[in-house]
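First the structure, in the form of structure tokens, and then the observations on it.
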């Protein structure tokens, strides 16, 4: 078998954040597989075939990519951000585990990318400057009770929280419910960041507080970040304040 | 003031993982400020001055960079990985908050990079495929009790855990104590990854279990990752197994 599968994180969107490793792997692929809007980001190459799929069909998409690689093709399976963070990498290994034995012999490289929370953090300061966690707010693949329990544990333990998949047309109430859980564990003054389409031409970033955060600000392209009681705003002239979380935790008196 | 400060994440080490944005900012800088071994990674340019410092003097290093930028220079302050993840970005904003008012007017760009946990994850599969957290095991800047409480909360809530700064000559016992905390909340079969110098020529990656994990495997250049009870190994011919954490959580019966 001479096929190859590269599972590639495209980063948040800006070309200057795509790693040279990913650029080279994309150029070397004969078959590109991915969610349609992510494939649309890539420059056309007449020699390449594209296999675009809809949202929420990750296992089927992974199987398409694996079958092409098993048949000898050079395949790139793309995700936004980092493919290992709520992206296609986990789906691909799940498909391998449940697929033909031959798929375990496919040569695979996973190529990391800049995940949305780091692009967002860089735009506004250093909100992830201390211990943090990433939670997918989607309850398509896990019960809401697990999401709520993780939110409570993270807030109580003092983690900065990055929420992926905060809202979609099919999941309209989850972010509001998440804020309600967090308000039980954090002061209302804690900063909440809504960052939509970060590094894309239509990027929008707003900083609010947990007390007043409006879940309607979020859509499918939004990353929501919740600070801790220690997260600080640093005022500056002529621009929005910087936001950062200090590296240290004071020893209690 | 015409100075400029770029706070730059260099990624884990491999040149092919340095973003084009970071490459351009490094080339445009007149003054390079950073921990010596990180500056040593950068190609020499006769027109640039270097300000290398020792480990554990982050605030002094940040103040050096800020003072140069405030005086009108084009400055690059570098971190390994992502500067916002246990790197120089938070230290810089802390220095600004405690520094001269003029520092708040400095033009600053934070440039994201590939943090170690994503480079490690990509090398071995998709261990961060579900909700996860990052914890610095250093108790230089926070009491050990806070570290232990966060470890317990993260394990009990089902997060994959990435441990930064797991060990150093001055902090020899913390990783063993961390494993002891985790063993109180997770089965002994949970995978533990020791990844040292990832993407560097002397990279070493080993997969063990929580029951048998030996803290002596870790040093200053190691990232330790602890899976969840759901993290899976996928055997493959002629190579170490893939490691991945499934995207979903089963609904309890």
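The values are calculated or read from the model by the stated rules, or taken from the named source; none is laboratory data. Owing to the predicted nature of the structure, the values given are computational and were not obtained by experimental measurement. Heads up, the Cβs are rebuilt from the backbone with ideal geometry, glycines too, and the neighbour counts pull from every protein chain shown.
Values for this structure:
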{"quantity": "Residue within segment A:137-146 that is touching a residue at least 24 places away in the same chain (Cβ under 8 Å) and in contact with a strand residue (DSSP E or B) (Cβ under 6 Å, 6 or more places away or on another chain) present", "calculated": "yes"}
{"quantity": "Of all residues making up segment B:108-130, the number that are farther than 30 Å from residue B:4 by Cα and either touching a helix residue (DSSP H, G or I) at 6+ places or on another chain (Cβ under 6 Å) or more than 8 Å from chain A (Cβ to nearest Cβ) (or both)", "calculated": "7"}
{"quantity": "Residue check for residue B:28: surrounded by fewer than 19 Cβ atoms within 10 Å (Cβ to Cβ), under 26 Å from residue A:112 (Cβ atoms), over 17 Å from the mean Cα position of the chain (by Cα) and touching a residue at least 24 places away in the same chain (Cβ under 8 Å)", "calculated": "yes"}
{"quantity": "Matching option when the condition is under 19 Å from residue A:118 (Cβ atoms) and either in contact with a helix residue (DSSP H, G or I) (Cβ under 7 Å, 6 or more places away or on another chain) or within 9 Å of chain A (Cβ to nearest Cβ) (or both), among B:84, B:105", "calculated": "B:84"}
{"quantity": "Subset tally (residues that are within 19 Å of residue B:124 (Cα to Cα) and in a helix (DSSP H, G or I)) for segment A:70-100", "calculated": "10"}
{"quantity": "Test: residue in segment A:52-71 that is facing chain B (nearest Cβ under 10 Å) and either in contact with a helix residue (DSSP H, G or I) (Cβ under 7 Å, 6 or more places away or on another chain) or surrounded by fewer than 18 Cβ atoms within 10 Å (Cβ to Cβ) (or both)", "calculated": "yes"}
{"quantity": "Scan of segment A:9-32 for residues that are outside any loop (DSSP other than H, G, I, E, B) and within 12 Å of chain B (Cβ to nearest Cβ), ordered by number", "calculated": "A:9, A:11, A:15, A:16, A:17, A:20, A:21, A:22, A:23, A:24, A:25"}
{"quantity": "Filtered residues of segment B:92-102 (kept if facing another protein chain (nearest Cβ under 7 Å) and either within 30 Å of residue B:233 (Cα to Cα) or crowded, with 21+ Cβ neighbours inside 10 Å (or both))", "calculated": "B:93, B:94, B:96"}
{"quantity": "Set B:128, B:141, B:163: member being at pLDDT below 95 and under 16 Å from the mean Cα position of the chain (by Cα)", "calculated": "B:141"}
